[in-house]
Each structure stands twice: as structure tokens, then as C-alpha cells.
Amino acid sequence: MIEITYLDAVKQERKMTFESYQAFEQSQQACLIGVADYYPVQKLTYNGHDLDYHGTYGDVFFFLMKQDLTKFD
């Protein structure tokens, strides 16, 4: 499971949850999520593990592509 906690335009904390990496990847490729790419991410977890990510929502996809997520399965 992927959980992305971010701040929206009015600095309110929001959370997006995806059941799997594949579900997250599909949502990004299909542009189904109405989250602005520039929203700052406060916390990114994969299967309950904090990935220590600091950046924007739009860069999460590229960050996850570079990670060896199998060590968290």
C-alpha cells in the first residue's frame, strides 16, 4: 500500500492511498487523480515504511521508479 500525505492549496493536510504500486502507476499514467503536481508531500509510505521523501506530488512517481520496493514487501 502506498500512502501519500500532502498539503493542498490552502495548506490543509490530505492523504491519498493506493492499494499497490501498480494502482498508483495506473492513476498517474491515466491522469485520474486531481492532485496538483506542485503540492508538497509531507510523508510517503510504502507498506507502512517511511520512504523519507521530500518533494512534490508530481515527483513521487519518479522517486518510486528509482526505489527497490521489493525490500518492503
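When residues in region 1-12 are screened for being among the hydrophobic types (A, V, I, L, M, F, W, C), open to solvent by 40 Å² or more (accessible area, probe 1.4 Å) and farther than 15 Å from Leu64 by Cα, 2 of them pass.
Checking each residue in region 13-37 for being over 20 Å from Phe72 (Cα atoms) and either at pLDDT below 95 or open to solvent by less than 90 Å² (accessible area, probe 1.4 Å) (or both) picks out Gln26, Ser27, Gln28, Gln29, Ala30, Cys31, Leu32, Ile33, Gly34, Val35, Ala36, Asp37. Scanning region 38-48 for residues that are under 11 Å from Ile4 (Cβ atoms) and out of contact with any Leu (no Cβ under 7 Å at 6 or more places or on another chain), which turns out most open to solvent (accessible area, probe 1.4 Å)? Ranking the candidates gives Lys43 first. Taking the criterion of being in contact with a Phe, Trp or Tyr (Cβ under 7 Å, 6 or more places away or on another chain) and among the aromatic types (Phe, Trp, Tyr), the residues of region 10-41 that qualify are Phe18, Phe24, Tyr39.
Of the residues making up region 17-35, those that are under 20 Å from Gly48 (Cα atoms), without any contact (Cβ under 8 Å) to a residue 40 or more places away in the chain and of a type outside the set (Asp, Glu) are Thr17, Phe18, Ser20, Gln22, Ala23. Among the residues of region 49-63, the one identified as open to solvent by 80 Å² or more (accessible area, probe 1.4 Å) and aromatic (Phe, Trp, Tyr) is Phe62.
The values are calculated or read from the model by the stated rules, or taken from the named source; none is laboratory data. Remember, it's a predicted structure, so these values are computed and weren't measured experimentally. In this analysis, Cβ positions are derived from the backbone assuming ideal geometry, glycine residues included, and neighbour counts consider all displayed protein chains. Heavy atoms of the whole protein, side chains included, go into the accessibility calculation; ligands, DNA and RNA do not. Shrake-Rupley method; radii C 1.70, N 1.55, O 1.52, S 1.80 Å.
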